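The values are calculated or read from the model by the stated rules, or taken from the named source; none is laboratory data. Keep in mind it's a predicted model, so treat the numbers as computed, not measured. Don't worry about glycine lacking a Cβ; one is built from the backbone with ideal geometry, like all the others, and counts go over all protein chains shown. For the accessible areas, the whole protein counts, side chains as well, though only heavy atoms, and no ligand, DNA or RNA atoms are used. Shrake-Rupley method; radii C 1.70, N 1.55, O 1.52, S 1.80 Å.
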Amino acid sequence: MEVSKIMQELERKHPGESEFLQAVKEVLISIKDVYDQHPEFEKAKIVERIVEPERVHMFRVPWVDDQGNVQVNIGYRVQFNGAIGPYKGGLRFHPSVNLSIMKFLGFEQTFKNALTTLPMGGAKGGSDFAPRGKSDGEIMRFCQAFMDELYRYIGPDEDVPAGDIGVGGREIGYLFGEYKKLTHRYEGVLTGKGMEWGGSILRPEATGFGALYFVHHMMESHGLDLKGKTVVVSGFGNVAWGAVKKANQLGAKVITISGPDGYIYDPEGICGEKNEYMLELRSSGNDICAPYAEKFAGSKFVAGKRPWEVKADVYLTCATQNELNGEDADMILAYKPLCVAEVSNMGCTAEAVDKFVEAKQLFAPGKAVNAGGVATSGLEMTQNSIRLHWSKEEVDEKLHYIMSSIHEQCTKYGTEADGYVNYVKGANIAGFMKVAKAMLDQGVV
């Protein structure tokens, strides 16, 4: 495989889509050696097909605000690869949403879903709509307008969206209500639903919980223990909340959270009431974390900075893509941490990832460490299909087993000659091999 040649062609076809091109390049570099050992992949042009989405839906979303003004946003659903199951991936409502980000997330989702061992293809969708500052009525009208177009392309055996940034339980509820009205069907077409109407227990915590299960396995396999260790976390939404909660349960002490406005440093540890206050911050819709420092004595708000400057044993990106860059990586490596993990999707820039791997740092990539969210969404799909509701213990046990299985796959394909486990390489190869073999079996489609 000539990675440079493939990337040149992709850049020609998709100019300016930096996030998408970054994600593809990382995977191609990781899988090159394994791919070259399978001439049948080259003959079937698996790489050339796997880096292009099967279809992209783009549509306008007109809606009316509280002042009676007509607003227009852009909606997306990128159905990237359905070789191993119905398309599965979140919906993101945020001003930064564009086609490049949707394609990058759909591409990543394809391999992440393959790692879960569940039958799910990869997709992603959303809109450049900004929920921040909007009333409940405006959120509802936008969600209904968005679903008026999206419903044509989704279904329990075709494509099952979930939530993501800007899309929580409230938004999923409005989206599901409109889908039900349009189709006259009550079915498992969305995940992240309310407990009373088909949701799975533990779904809000799942990404954070799964990430800490993965980190626990990763550290344990290297003779390390999370108990008593300090943890730097970015973000303060559902993912960060779940990660903080599980880190505390495993005996670690979380000392930071962050938002677009800066970060909170709490040397006493973010647990109990402080952990639950993160939900209040998120539900306020203000997208700022500064009020935490006003509420809890002994904590400090650092404006305009990211938490990577704080010394700790473990670092977890839990906010958004490319939030940790090469300079941040240098700073973190100087602290000689035990572990770094991308709990957000592609939380580190390519430069940062390269620095961590070159330094033989224990590092977990997003498609492995944050797969707990979509894994639990897959469990919700199963419960909807069989019309059952599993207990917290059953869901948690299945989630823990899935994260353990992902760790095993990463070590299988990522262990290098000197014993270093390159989890980036391992996750990419494991996910790719499953999807590639399915595509090969199903012919040129």
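Enumerate the pairs (first residue in segment 94-123 and closer than 28 Å to GLY285 by Cβ; second residue anywhere and among the aromatic types (Phe, Trp, Tyr) and open to solvent by 10 Å² or more (accessible area, probe 1.4 Å)) with beta-carbon separation below 6 Å, excluding pairs fewer than 6 apart on the same chain, so at least 6 apart or on different chains.
MET102/TYR76; ALA123/TYR87
List, please: which pairs have Cβ atoms under 6 Å, are six or more places apart or on different chains, and start with a residue in segment 35-49 that is under 13 Å from GLU2 (Cβ atoms) and end with one that is part of a helix (DSSP H, G or I)?
Correct list of pairs: TYR35/PHE41.
Where the second residue is in a loop (DSSP other than H, G, I, E, B) and the first is touching a residue at least 60 places away in the same chain (Cβ under 8 Å) and lies in segment 54-67, which pairs have Cβ atoms under 9 Å and are six or more apart or on separate chains?
VAL61/PHE129; TRP63/PHE129; ASP65/LYS134; ASP65/SER135; ASP66/LYS134; ASP66/SER135
Does ASN422 fit the bill of being surrounded by 15 or more Cβ atoms within 10 Å (Cβ to Cβ), at pLDDT 95 or above, among the polar types (S, T, N, Q) and farther than 22 Å from HIS222 by Cβ?
Taking the combined requirement at face value, the residue does not satisfy it.
Of the residues that sit in segment 168-198 and are of a type in the set (A, V, I, L, M) and modelled with pLDDT of 95 or more, which one is farthest from ARG282 (Cα to Cα)?
LEU182
Can you tell me how many residues in segment 188-216 are out of contact with any helix residue (DSSP H, G or I) (no Cβ under 7 Å at 6 or more places or on another chain) and assigned to a loop (DSSP other than H, G, I, E, B)?
0
Specify which of the listed residues (VAL56, VAL61, VAL72, VAL27) is modelled with pLDDT of 95 or more, of a type in the set (Val, Ile, Thr) and either outside any strand (DSSP E or B) or buried (at least 17 other Cβ atoms within 10 Å of the Cβ) (or both).
The conditions single out VAL61.
Hey, can you tell me all the residues within segment 364-374 that are closer than 23 Å to LEU226 by Cα and part of a helix (DSSP H, G or I)?
Residues satisfying the conditions are GLY366, LYS367, ALA368, VAL369, GLY372, GLY373.
Filter segment 30-53 for residues that are assigned to a loop (DSSP other than H, G, I, E, B), out of contact with any Gly (no Cβ under 9 Å at 6 or more places or on another chain) and under 21 Å from PHE104 (Cα atoms); which is most open to solvent (accessible area, probe 1.4 Å)? Outline the logic, then answer.
Of the residues in segment 30-53, the ones assigned to a loop (DSSP other than H, G, I, E, B) are 37-38, 44-45, 51-53.
Then keep just the ones that are out of contact with any Gly (no Cβ under 9 Å at 6 or more places or on another chain); that gives 37-38, 45, 51-52.
From what's left, under 21 Å from PHE104 (Cα atoms): 45, 51-52.
Details: LYS45: 90, VAL51: 4, GLU52: 45 Å².
Among those that are assigned to a loop (DSSP other than H, G, I, E, B), out of contact with any Gly (no Cβ under 9 Å at 6 or more places or on another chain) and under 21 Å from PHE104 (Cα atoms), it is LYS45.
Out of (1) in a helix (DSSP H, G or I); (2) touching a residue at least 12 places away in the same chain (Cβ under 8 Å), the odd one out for VAL160 is which?
Only one criterion is unmet by VAL160, namely (1).
Here is a check on your reading of the model: is GLY242 assigned to a helix (DSSP H, G or I), of a type in the set (Gly, Ala, Ser) and free of Cβ contacts under 8 Å to residues at least 60 places away in the same chain?
Details: assigned to a helix (DSSP H, G or I): yes; of a type in the set (Gly, Ala, Ser): yes; free of Cβ contacts under 8 Å to residues at least 60 places away in the same chain: yes.
So GLY242 fits the description; yes.
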